[in-house]
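Chemist: Sharing a structure with you now.
The values are calculated or read from the model by the stated rules, or taken from the named source; none is laboratory data. Since this is a predicted model, take the numbers as computed values, not measurements. Please note: Cβ atoms are built from the backbone with ideal geometry, for glycine as well, and neighbour counts cover all protein chains shown. To get the accessible areas, we keep the full protein, side chains included, count just its heavy atoms, and leave off ligands, DNA and RNA. Shrake-Rupley method; radii C 1.70, N 1.55, O 1.52, S 1.80 Å.
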Amino acid sequence: MRTSFKLHAGMQLTLSGVGLLAAVLAAVPLLPPLADEWLLLGIGIALLVPLHLATLFRSVAVELRNRGFASNKANQWRALRALPRRVHALLVGAGLAGVFLVTGVLWDDSGLERVESVSGYYSAIDTADPDRGRVAITRSQYEALRKDDQRVAFAAFGLFAAGGGGLTLLFGKLDSWAGGS
């Protein structure tokens, strides 16, 4: 596999690790919510989109170089199995951690969705109520809901980045088999 594919996937997997780490930090009960989470996610997405587009273009280039080779499911499966075990472990670990953090298996669902904070008053939507009315909540409840939102958003970002890194490695392996220079 060419070094450029390894570096490309390494950048995607690093962004995945940063996203999953931020999700873990948002899940720790004693820590405050991360400041400017949407700015952090925006920067991460701005870095990740060009990398994912490059993965897409590289997959097309591998397919055009040798028609039918990269799109063959059997070849894709062989290439995935040919990746080193530590790469498999990294991808599976990132996937499991991301799914665990997104689903929030161990977290209590209060049935509230954070709405807004205006002049020190906090409100949320009660999803357990059929009318989905707004209810007043305390600052600590508001911050807990904010941390839940951050956990899910950063974990989803981490999963998306890990998926792109895995695909980049897969197409890198296919490229080397298809005679990429």
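Chemist: Bin width 10 Å, origin at 0, all Cα-Cα pairs of the stretch 138-181: what percent of pairs per bin?
Modeler: P(r) for the stretch 138-181, in whole percents per bin: 25, 25, 19, 15, 10, 5, 0.
Chemist: I'd like the orientation of helix 139-177 relative to the chain: the angle between its Cα long axis and the longest Cα principal axis, in ° from 0 to 90, rounded to 10.
Modeler: Roughly 0 degrees, rounded to the nearest 10.
Chemist: Roughly how big is the chain's charge dipole about its Cα centre, with Cβ charges of +1 (Lys, Arg) and -1 (Asp, Glu), in debye to the nearest 20? Working shown, then result.
Modeler: Details: 18 positive and 14 negative charges, 283 e Å.
It comes to approximately 1360 debye.
Chemist: Sorted from largest down, give the three principal axis spans of the alpha carbons of the stretch 34-137, whole angstrom values.
Modeler: 61, 28, 28
Chemist: Now for a different question. If packing is taken as the average number of other Cβ atoms within 10 Å across a peptide's residues, how do 167-177, 94-104, 128-138 rank, most packed first?
Modeler: Result, highest mean Cβ count within 10 Å first: 167-177, 94-104, 128-138.
Chemist: Relative contact order for the chain: what is it in percent, counting Cα pairs under 8 Å that are at least 6 residues apart? Spell out each step's value before the answer.
Modeler: Values: 209 pairs, mean separation 80.5, N = 181.
Rounded, it is 44 percent for the chain.
Chemist: How large is the Rg to Rh ratio of the stretch 1-86 when both quantities use alpha carbon positions and Rh follows Kirkwood?
Modeler: On the way: Rg = 17.3 Å, Rh = 15.6 Å.
Value, to two decimals: 1.11.
Chemist: While we're looking at this one, here's another question. Averaged per residue, what accessible surface does the chain expose to a 1.4 Å probe, in Å²? Walk me through the intermediate numbers first.
Modeler: Working: 10520 Å² over 181 residues.
It amounts to 58 Å² per residue over the chain.
Chemist: Next question, about the same structure. Toward the positive end of the charge dipole of the stretch 1-118, about the Cα centre and with charges on Cβ (Lys, Arg +1; Asp, Glu -1), which of SER117, LEU80, PRO29 goes farthest?
Modeler: Result: LEU80, furthest along the dipole toward the positive end.
Chemist: What percentage of the solvent-accessible surface of the stretch 1-94, computed with a 1.4 Å probe over protein heavy atoms, is contributed by carbon and sulfur atoms?
Modeler: 72
Chemist: Work out the P(r) tail for the chain: percent of alpha carbon pairs separated by more than 21 Å, whole number.
Modeler: Working: 9364 of 16290 pairs.
Above the 21 Å cut-off, the chain has 57 percent of its Cα pairs.
Chemist: Right, next: How would you order 61-72, 154-165, 35-46 from highest to lowest mean count of nearby Cβ atoms within 10 Å?
Modeler: Taking the mean over residues of other Cβ atoms within 10 Å, the ranking is 154-165, 61-72, 35-46.
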